[in-house]
Amino acid sequence: MKKQTIAIASDHAGFELKEMLKAEIAALGFAAQDLGTHNTESVDYPDYAEALVQWMKAHEGSRGVLICGSGIGMSIAANRHKFIRAALVHDGAEASLARKHNNANVLCLGERTTAENKAKEALKAFLSTEFEGGRHQRRVEKLG
């Protein structure tokens with residue numbers, strides 16, 4: 001059975017957390033598709049959010065992780081696209097709710113605002129929690 005692939009991308013301010021979470025994705029039994037950046041030289045976060053969005057567009061039903069300094073820029077950039085439901089979270093509880101109630105398909109994290117253990121917790125919850133559907137389905141449908 002082929003492993004599900006999780007796309008991951010960051011800007012320079014999220015590079016270190018991205019590298020750590022790539023290993024965590026593998027430890028959780030998934031494959032990681034690293035869309036950059038590949039070092040800490042200054043880059044523009046919208047470019048990396050766009051790369052992830054385009055990858056997800058080509059891989060229907062996929063999920064992704066975006067990281068910048070605060071997570072805010074990445075979530076704004078990704079959510080410009082109708083099929084993306086990017087959730088900026090800070091821990092596992094928020095990640096779980098984002099999946100259960102919002103069917104989030106992109107996890108956004110801030111390297112400067114989220115401790116490493118909380119980021120790992122959020123990633124694990126994001127990858128292991130299913131959308132509840134039901135009353136939440138009609139709300140998600142209203143998002144576009």
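The values are calculated or read from the model by the stated rules, or taken from the named source; none is laboratory data. Fair warning: this is a prediction, and the values are worked out from it, not measured in the lab. Note that each Cβ is placed from the backbone with ideal geometry, even for glycine, and that neighbours are counted across all protein chains shown. Areas reflect the complete protein model, heavy atoms only, side chains present, ligands, DNA and RNA absent. Shrake-Rupley method; radii C 1.70, N 1.55, O 1.52, S 1.80 Å.
Some values worked out for this structure:
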read-out	value
Those residues of segment 79-110 which are within 16 Å of residue 25 (Cβ to Cβ) and charged (D, E, K, R), in sequence order	99
Residue in segment 67-87 that is in a loop (DSSP other than H, G, I, E, B) and of a type in the set (Val, Ile, Thr) present	yes
Test for residue 75: is it over 17 Å from residue 105 (Cβ atoms) and of a type in the set (Ser, Thr, Tyr)	no
Among (1) open to solvent by less than 60 Å² (accessible area, probe 1.4 Å); (2) more than 23 Å from residue 133 (Cβ to Cβ) - the single one residue 33 does not satisfy	(1)
Candidate set: segment 130-142, residues that are under 18 Å from residue 84 (Cβ atoms) and touching a helix residue (DSSP H, G or I) at 6+ places or on another chain (Cβ under 9 Å); chosen: the one surrounded by the most Cβ atoms within 10 Å (Cβ to Cβ)	131
Which numbered condition residue 60 fails, given (1) surrounded by 15 or more Cβ atoms within 10 Å (Cβ to Cβ); (2) within 28 Å of residue 139 (Cα to Cα)	(1)
Close pairs (6 angstrom Cβ cut-off, 6 or more residues apart or separate chains): under 10 Å from residue 53 (Cα atoms) and surrounded by fewer than 22 Cβ atoms within 10 Å (Cβ to Cβ) in segment 65-88, modelled with pLDDT of 95 or more and among the small types (Gly, Ala, Ser) anywhere	79/86
Which listed residue is under 22 Å from residue 128 (Cβ atoms) and either touching a Gly at 6+ places or on another chain (Cβ under 7 Å) or among the hydroxyl-bearing types (Ser, Thr, Tyr) (or both), from 25, 6	6
Filter result (of a type in the set (S, T, N, Q) and more than 16 Å from residue 62 (Cα to Cα)) within segment 20-38	37
Residues located in segment 95-112, provided they are open to solvent by 10 Å² or more (accessible area, probe 1.4 Å), closer than 18 Å to residue 132 by Cα and in contact (Cβ under 8 Å) with a residue 40 or more places away in the chain	105
Residue list for segment 88-119, filter: among the polar types (S, T, N, Q) and not in a loop (DSSP other than H, G, I, E, B)	96, 102, 117
Residue 92 vs. criteria open to solvent by less than 50 Å² (accessible area, probe 1.4 Å) and at positive phi	no
Only listed residue being modelled with pLDDT of 95 or more, surrounded by fewer than 16 Cβ atoms within 10 Å (Cβ to Cβ) and part of a helix (DSSP H, G or I), chosen from 26, 49, 122	26
